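So the structure is just underneath, and the comments pick up after that.
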Amino acid sequence: MRRRMKLLAYPYSLWMAVFVVVPLFLVFLYSITKGDIHDFSTLEFSLDSYKRVAEPLFLKVIGNSFFLALISTVFCFLLGYPVAMIIARTNQKYRNKLLMFIIIPMWMNFLLRTYAWMAILSPNGVLNRFLGVLGLAPLEIMPGQVAVLIGMVYNFLPFMILPIYTVLVKIDRSLLEAADDLGANKVKTFFRVVFPLSIPGVVSGITMVFMPAVSTFVISGLLGGGKTPLIGDLIEQQFMSDRNWHFGSSLSIILMVMILISMAVMSRMDRKGSSA
């Protein structure tokens with residue numbers, strides 16, 4: 001039986017090797033070398049690409065990427081937690097319908113959802129036309145950081161709601177009744193019982209929002225109009241436009257390391273919250 005299970009794992013291992021391990025190795029190889037990427041014999045060891053990342057311009061882009069990702073994650077949490085709690089406390093008869101309202105937009109293509117916000121937030125978009133009808137001055141939201149932030153929150157909010165909802169809906173109601181019997185009001189019950197028990201869902205939600213937010217380039221490219229470049233845009237530019245695969249690879253490795261560090265920190269917080 002064990003031998004059969006190992007045989008079943010071979011196709012997966014081959015898939016991982018071809019489509020994960022090999023590409024990662026090539027990215028790492030290009031990040032520490034210079035020369036013609038199409039001729040391995042010309043590659044020479046060099047850390048010039050990593051040294052270039054330390055330039056103020058690129059450090060500003062990286063810092064801005066993490067700042068916007070952090071702000072969008074905070075907004076997703078502030079908006080997502082109440083929504084998840086409302087759905088979790090709704091009658092089972094209507095709960096699935098409410099979840100469908102959260103999930104259905106995710107069925108639409110990510111690019112199309114972002115284009116929809118362009119139609120809403122552009123200078124001649126739906127929002128400014130509506131303000132014009134009311135006699136109000138138009139808002140200069142797009143292009144800019146505010147538009148990028150709105151796009152991030154909209155696209156990644158479901159990834160915050162669903163993990164938190166999954167945890168909240170599994171909380172034993174008897175624990176809430178016990179807290180009520182012991183004299184705890186709703187506020188104390190939330191902070192002493194509900195929120196600590198929901199920390200695993202919160203950590204999962206933060207991870208699922210922060211990771212794609214910090215590496216996105218579609219949202220910043222469309223809603224930022226080039227005024228708010230993020231590290232994802234910089235990497236895409238190096239590979240697709242500038243054809244500087246060495247610098248693009250070094251940026252990719254740095255981003256991957258930062259994401260792994262963030263995941264390790266969140267995992268540590270999750271373990272502390274669970275043990276508490």
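Condition check for Gln238 on (1) open to solvent by less than 40 Å² (accessible area, probe 1.4 Å); (2) touching a residue at least 40 places away in the same chain (Cβ under 8 Å); (3) assigned to a helix (DSSP H, G or I): one failure, at (2). Pairs linking a residue in segment 146-159 that is of a type outside the set (A, V, I, L, M, F, W, C) to a residue that is open to solvent by 40 Å² or more (accessible area, probe 1.4 Å), with Cβ atoms under 6 Å and 6 or more positions apart or on different chains, are Gly151/Trp117; Pro158/Met106. The requirement of being assigned to a helix (DSSP H, G or I) and at pLDDT below 85 is not satisfied by Ser252. Quick one: in segment 96-110, which of the residues that are touching a helix residue (DSSP H, G or I) at 6+ places or on another chain (Cβ under 8 Å) and at pLDDT below 85 is nearest to Met152 (Cα to Cα)? Ranking the candidates gives Phe110 first. Residue check: is Ala88 open to solvent by less than 40 Å² (accessible area, probe 1.4 Å), part of a helix (DSSP H, G or I) and either in contact (Cβ under 8 Å) with a residue 60 or more places away in the chain or more than 30 Å from Gly63 (Cα to Cα) (or both)? Answer is yes for this residue.
Limited to segment 136-148, what total is found for residues that are at pLDDT 85 or above and open to solvent by 40 Å² or more (accessible area, probe 1.4 Å)? Adding up the residues that qualify gives 2. Check whether at least one residue in segment 101-114 is among the hydroxyl-bearing types (Ser, Thr, Tyr), open to solvent by less than 80 Å² (accessible area, probe 1.4 Å), over 12 Å from Ile161 (Cα atoms) and in contact (Cβ under 8 Å) with a residue 24 or more places away in the chain, and report yes or no. For segment 101-114, residues among the hydroxyl-bearing types (Ser, Thr, Tyr), open to solvent by less than 80 Å² (accessible area, probe 1.4 Å), over 12 Å from Ile161 (Cα atoms) and in contact (Cβ under 8 Å) with a residue 24 or more places away in the chain: present. Quick check, is Phe159 within 19 Å of Ile71 (Cα to Cα) and either surrounded by fewer than 19 Cβ atoms within 10 Å (Cβ to Cβ) or among the hydrophobic types (A, V, I, L, M, F, W, C) (or both)? Yes, satisfied.
Here segment 162-178 is the region considered, the condition is being more than 18 Å from the chain's Cα centre (by Cα) and aliphatic (A, V, I, L, M), and the residue that is most open to solvent (accessible area, probe 1.4 Å) is Leu175. Just so you know, in segment 41-56 the residues that are in a helix (DSSP H, G or I) and loosely packed, with under 11 Cβ neighbours inside 10 Å include one that is farthest from the chain's Cα centre (by Cα), and it is Ser41.
With respect to the conditions (1) touching a helix residue (DSSP H, G or I) at 6+ places or on another chain (Cβ under 6 Å); (2) within 22 Å of Met258 (Cα to Cα), Glu236 lacks only one, and its number is (1). Here Val83, Val74 are screened, and the one residue that is in contact (Cβ under 8 Å) with a residue 24 or more places away in the chain, open to solvent by 40 Å² or more (accessible area, probe 1.4 Å) and closer than 18 Å to Val203 by Cα is Val83.
The values are calculated or read from the model by the stated rules, or taken from the named source; none is laboratory data. The structure presented is a predicted model; accordingly, all values stated were derived computationally and were not measured. Heads up, the Cβs are rebuilt from the backbone with ideal geometry, glycines too, and the neighbour counts pull from every protein chain shown. Surface areas here come from the heavy atoms of the whole protein model, side chains and all, with no ligands, DNA or RNA. Shrake-Rupley method; radii C 1.70, N 1.55, O 1.52, S 1.80 Å.
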